[in-house]
Amino acid sequence: MATKTVKTTPYVARLKDLYNKQYAAELQKELELTNPHQVPRLEKIVVNVGLGRAKDDKKIIETASNTIRKITAQEPIDTLAKNSIAGFKLREGNKIGIKVTLRGNQMYEFADRLINIVLPRLRDFHGVKLSAFDKSGNYSIGFTDQSVFPELTFEETTTAHGLQVVFVVKAHDVNASKALLTKLGMPFEKKESK
C-alpha cells in the first residue's frame, strides 16, 4: 500500500514575507542599487536588560529573565563582566545583564509585534527618535518599563525594570537602514517645521 506524502508549506513570518516579496525590490529601486545583495536587511534583533545596581537582587534578576523569556519566546543568556572595576564594586565574571539574540522568523515576528502593538501602546508617543542610529546603521530603542508588552500580566510588571532592543541592520549607510526600518513600519518622529 502506497502512502501519501502531504506537502506542507513552511511557516514564514508576515513581515519577512512582505520584505522578500515586496519591500526588497522597492528598496533597491528607491536607493538606486544595482546589485540586489546591496539592499539593506535586518540581520538580528538583540533584546537585553542591564542589571546595574540590581545585579545582586535575585527578584529583579528573576523578573527580568521572565520578561525576556515571555516577550521573545526564547531563553535568555547571562552577560558577564569582562573586567573588574573597583569603583562599581564589579569583579570579572560577575553577572551584569541578560540578553537574547533573535534571527529568522522569530526576529521578524518580534519586530512586527514591537512596531504594530507595543509602540502604539506607549503613553504620549510621538514616534521613535531619529538620533538612535549608530555609525553602522544599527538602531536602538530603550524602554524604561516592561509593562507595555502585552505578553506580561500585571503581577509580572510589579517589579519594574528597563530593557533595550537593538535592530542590527546590514546596510551600507544610516540612510539605507532608516529606509528599511521605515518600510517595515517603524514610526519615526516627524520634525516640526518652524
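The values are calculated or read from the model by the stated rules, or taken from the named source; none is laboratory data. Small disclaimer: the values here were computed from a predicted structure and weren't measured. Neighbour counts run over all protein chains shown; Cβ positions are idealised from the backbone, glycine included.
The single condition among (1) out of contact with any Gly (no Cβ under 7 Å at 6 or more places or on another chain); (2) farther than 16 Å from residue 19 by Cβ that residue 187 does not meet is (1).
Would you check if there is a residue in segment 172-194 being loosely packed, with under 15 Cβ neighbours inside 10 Å, part of a loop (DSSP other than H, G, I, E, B) and of a type in the set (Ser, Thr, Tyr)? Within segment 172-194, one or more residues are loosely packed, with under 15 Cβ neighbours inside 10 Å, part of a loop (DSSP other than H, G, I, E, B) and of a type in the set (Ser, Thr, Tyr). Number of residues in segment 142-194 that are over 13 Å from residue 71 (Cβ atoms), in contact (Cβ under 8 Å) with a residue 24 or more places away in the chain and among the aliphatic types (A, V, I, L, M): the value is 11.
Residues of segment 107-141 being acidic (Asp, Glu) and in contact (Cβ under 8 Å) with a residue 12 or more places away in the chain, which ones? Residues satisfying the conditions are 109, 112. When you check residue 24 against the structure, is it over 26 Å from residue 160 (Cβ atoms), modelled with pLDDT of 85 or more and outside any loop (DSSP other than H, G, I, E, B), yes or no? So residue 24 fits the description; yes. Scanning segment 143-166 for residues that are modelled with pLDDT under 80, farther than 17 Å from residue 48 by Cβ and either in a strand (DSSP E or B) or not acidic (Asp, Glu) (or both) yields a count of 3.
Checking the structure you have, find out if any residue of segment 95-103 is modelled with pLDDT under 80 and more than 16 Å from residue 165 (Cβ to Cβ). Looking for residues that are modelled with pLDDT under 80 and more than 16 Å from residue 165 (Cβ to Cβ), one finds at least one in segment 95-103, hence yes.
Of the residues making up segment 101-142, those that are assigned to a loop (DSSP other than H, G, I, E, B) and under 13 Å from residue 187 (Cα atoms) are 122, 125, 126, 127, 129.
Given 27, 33, which one is more than 21 Å from residue 141 (Cα to Cα), without any contact (Cβ under 8 Å) to a residue 60 or more places away in the chain and surrounded by 15 or more Cβ atoms within 10 Å (Cβ to Cβ)?
Values: 27 fails: without any contact (Cβ under 8 Å) to a residue 60 or more places away in the chain.
Just one listed residue meets the conditions, 33.
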